[in-house]
Amino acid sequence: MRVCIEAASLLLRSAGVKNYVYHWVKHLIALAGRESIITFPPLGGLGELDHERSIAGRAATVAGLGLLAFLNYSRLPWRAGRVDIFHHSSLLLRNPPRRVRLTATIYDMTCRLNPEMHLRANVAADEQFAERVLKRACGLIAISASTRNDAIRLLRLPPERVSVIYPGVPERFFSAGAAEAEAAKRKYGFTRPYALFVGTIEPRKNVGTLLDAWADLDESLRREFDLVVAGPAGWGNPATLHRLRSAPPGVRYLGYVPEADLPGLTAGAAVFVYPSLYEGFGFPVAQAMAAGTPVITSNVSSLPEITCGAALLVDPLSRTELRDALRKLLECPEAGRKLAAEARKQAARYRWDLCAKESLEFFERAAG
């Protein structure tokens, strides 16, 4: 069996999808070999993961994106070569290859459930992907049961075609400890313990409510702890970005943090807080669990499923609930330690080698 995986997101500035595709392809190749797993566009080896730029060289990036654009806007039929399955990730929207079984990954349904939180172009692209790929595919991978249920309900997909396969967490989060935390502390100049948020600054991540909740904490706590926000600027949040960049007392905005720094930054946090309004999986939350950091997150979408009782859950629209959860874990380290110990156990479900194994079994079924 030979599988071609659409991996164009690796050539672009991207966050969650790029993270998923990079680690997934890497582990699939390690398990099945380069003859069995190939990519579209052809990438050769996988360089270091960088969410801000392409993982390939300039020539491969230009050629790959040019081919993607040509196929997306062309009506010409094309074939993916000698492959049994072509797996769509997100960017080949309009012109799937012919004479090959199609499969795809469903990351979330947020463009349908919360279209106001996305650019119109992204909502339109999501609609095209659903109509031209998801409804035609012989098999689909959903990255959580929550995403599977939303997709079946909203797209009226046959349930038997959609399999849940959880993504993984990089091993360096599981192994991150005091040394990595201390290195991050030195690099970023932290002088106080801190609560941490990691994610793109966009409406869905709800950072404005987090800043409100932090401002509502007792002054004594805000003198003892910092709130550290790490993540690139997205779209649609100029007011929140202005607040972050104006450096309110006790708030540190780091912007984009290199992938190599995240395990130590996460392991060193007193608490990880992630009040997102919707997640298909929630990579930052799973990473914090693996690093042994107590988590506060939302009681919506996939987040209760992913944390499975190993986090404090709050209504993400309630700054009061968020404030009270922060106060509880910051004032009571023992409660945080108990939560973190349970979180490490739950995070063991999210391993990339397990994801790759289950994915190969999925491809075998799809290939018949």
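The values are calculated or read from the model by the stated rules, or taken from the named source; none is laboratory data. These figures come from a predicted structure and were not determined experimentally. Reconstructed Cβ throughout: ideal geometry from the backbone, glycine too, with neighbour counts over all protein chains shown.
Got at least one residue in segment 318-330 being modelled with pLDDT under 95, surrounded by fewer than 22 Cβ atoms within 10 Å (Cβ to Cβ) and among the hydroxyl-bearing types (S, T, Y)?
Of the residues in segment 318-330, the ones modelled with pLDDT under 95 are none.
No, because not a single residue in segment 318-330 is modelled with pLDDT under 95, surrounded by fewer than 22 Cβ atoms within 10 Å (Cβ to Cβ) and among the hydroxyl-bearing types (S, T, Y).
Residues I165, I106, I141: which one is at pLDDT 95 or above and either of a type in the set (K, R) or touching a Gly at 6+ places or on another chain (Cβ under 8 Å) (or both)?
Numbers: I165 fails: either of a type in the set (K, R) or touching a Gly at 6+ places or on another chain (Cβ under 8 Å) (or both); I141 fails: either of a type in the set (K, R) or touching a Gly at 6+ places or on another chain (Cβ under 8 Å) (or both).
Being at pLDDT 95 or above and either of a type in the set (K, R) or touching a Gly at 6+ places or on another chain (Cβ under 8 Å) (or both) holds for just one of I165, I106, I141, which is I106.
Given the options P42, P115, P97, P77, name the one that is in contact with a Lys or Arg (Cβ under 6 Å, 6 or more places away or on another chain) and surrounded by fewer than 18 Cβ atoms within 10 Å (Cβ to Cβ).
Numbers: P42 fails: in contact with a Lys or Arg (Cβ under 6 Å, 6 or more places away or on another chain); P115 fails: in contact with a Lys or Arg (Cβ under 6 Å, 6 or more places away or on another chain); P97 fails: surrounded by fewer than 18 Cβ atoms within 10 Å (Cβ to Cβ).
Just a single option satisfies the conditions, and that option is P77.
When C308 is evaluated against the numbered criteria (1) in contact (Cβ under 8 Å) with a residue 24 or more places away in the chain; (2) closer than 30 Å to S36 by Cβ; (3) surrounded by fewer than 21 Cβ atoms within 10 Å (Cβ to Cβ); (4) not β-branched (V, I, T), which criterion, by number, is the only one it fails?
The single condition C308 does not satisfy is (2).
If I ask for residues that are touching a Pro at 6+ places or on another chain (Cβ under 8 Å) and either aliphatic (A, V, I, L, M) or at pLDDT below 95 (or both), which ones from segment 289-307 would you list? Talk me through it step by step, then tell me what you get.
Restricting attention to segment 289-307, the residues satisfying the condition of being touching a Pro at 6+ places or on another chain (Cβ under 8 Å) are 291, 296-300.
Residues satisfying the conditions are A291, I296, V300.
Do we have any residue at all in segment 313-323 that's hydroxyl-bearing (S, T, Y) and closer than 16 Å to L217 by Cβ? Spell out the reasoning first.
So in segment 313-323, the residues hydroxyl-bearing (S, T, Y) come out as 318, 320.
Right, trim to closer than 16 Å to L217 by Cβ and you get 318, 320.
Among the residues of segment 313-323, at least one is hydroxyl-bearing (S, T, Y) and closer than 16 Å to L217 by Cβ, which makes the answer yes.
Filter segment 205-216 down to the residues that are of a type outside the set (G, A, S) and surrounded by 22 or more Cβ atoms within 10 Å (Cβ to Cβ), then identify the one that is farthest from the chain's Cα centre (by Cα). Can you show your working first?
Restricting attention to segment 205-216, the residues satisfying the condition of being of a type outside the set (G, A, S) are 205-207, 209-212, 214, 216.
Okay, now just the ones that are also surrounded by 22 or more Cβ atoms within 10 Å (Cβ to Cβ), so 205-207, 210, 214.
Details: K205: 12, N206: 16, V207: 16, L210: 19, W214: 24 Å.
Top of the filtered list is W214.
So, in segment 121-141, exactly how many residues are surrounded by 16 or more Cβ atoms within 10 Å (Cβ to Cβ), of a type in the set (A, V, I, L, M, F, W, C) and in contact (Cβ under 8 Å) with a residue 40 or more places away in the chain?
Step one: filter segment 121-141 for residues surrounded by 16 or more Cβ atoms within 10 Å (Cβ to Cβ), giving 123, 125-126, 129-130, 132-134, 137, 139-141.
Among the residues that remain, those that are also of a type in the set (A, V, I, L, M, F, W, C) are: 123, 125, 129-130, 133-134, 137, 140-141.
From what's left, in contact (Cβ under 8 Å) with a residue 40 or more places away in the chain: 129, 133, 137, 141.
Residues in segment 121-141 being surrounded by 16 or more Cβ atoms within 10 Å (Cβ to Cβ), of a type in the set (A, V, I, L, M, F, W, C) and in contact (Cβ under 8 Å) with a residue 40 or more places away in the chain: 4 in total.
Just for helices (runs of 4 or more DSSP H) wholly inside segment 248-335: which have at least 1 residues that are touching a Ser or Thr at 6+ places or on another chain (Cβ under 7 Å) and farther than 27 Å from T105 by Cα? Spell out how you get there, then give the answer.
On the way: elements: 262-267, 283-290, 303-307, 319-331.
Correct list: 262-267, 319-331.
Looking at segment 247-286, which of the residues that are over 15 Å from the mean Cα position of the chain (by Cα) and of a type in the set (D, E, K, R) is surrounded by the fewest Cβ atoms within 10 Å (Cβ to Cβ)?
D261
Tell me, yes or no, whether segment 234-246 has at least one residue that is under 22 Å from the mean Cα position of the chain (by Cα), of a type outside the set (V, I, T) and closer than 29 Å to R344 by Cβ.
For segment 234-246, residues under 22 Å from the mean Cα position of the chain (by Cα), of a type outside the set (V, I, T) and closer than 29 Å to R344 by Cβ: absent.
Assess whether L67 counts as being within 29 Å of Y278 (Cα to Cα), of a type in the set (A, V, I, L, M) and at pLDDT 85 or above.
Values: within 29 Å of Y278 (Cα to Cα): no; of a type in the set (A, V, I, L, M): yes; at pLDDT 85 or above: yes.
When the stated conditions are applied, L67 does not pass them.
Tell me whether segment 6-24 contains one or more residues that are surrounded by fewer than 22 Cβ atoms within 10 Å (Cβ to Cβ), under 17 Å from R82 (Cα atoms) and among the basic types (K, R).
No, every residue in segment 6-24 fails to be surrounded by fewer than 22 Cβ atoms within 10 Å (Cβ to Cβ), under 17 Å from R82 (Cα atoms) and among the basic types (K, R).
From the set of residues in segment 156-177 that are more than 19 Å from the chain's Cα centre (by Cα) and surrounded by fewer than 17 Cβ atoms within 10 Å (Cβ to Cβ), which is farthest from G280 (Cα to Cα)?
That would be G177.
Select from segment 248-259 the residues that are over 15 Å from G189 (Cα atoms) and either in contact with a Lys or Arg (Cβ under 8 Å, 6 or more places away or on another chain) or without any contact (Cβ under 8 Å) to a residue 12 or more places away in the chain (or both) and list them in ascending order. If you could, list the steps in order and put the result at the bottom.
Taking segment 248-259 as the starting set, the residues that turn out to be over 15 Å from G189 (Cα atoms) are 248-249, 256, 258-259.
Once the filter is applied, which keeps residues that are over 15 Å from G189 (Cα atoms) and either in contact with a Lys or Arg (Cβ under 8 Å, 6 or more places away or on another chain) or without any contact (Cβ under 8 Å) to a residue 12 or more places away in the chain (or both), segment 248-259 yields only P249.
With respect to L303, determine if the residue is touching a residue at least 12 places away in the same chain (Cβ under 8 Å), over 18 Å from G168 (Cα atoms) and either outside the structural domain of H118 (by TED's automatic domain parsing) or exposed (fewer than 15 other Cβ atoms within 10 Å of the Cβ) (or both).
Details: touching a residue at least 12 places away in the same chain (Cβ under 8 Å): yes; over 18 Å from G168 (Cα atoms): no; either outside the structural domain of H118 (by TED's automatic domain parsing) or exposed (fewer than 15 other Cβ atoms within 10 Å of the Cβ) (or both): yes.
No.
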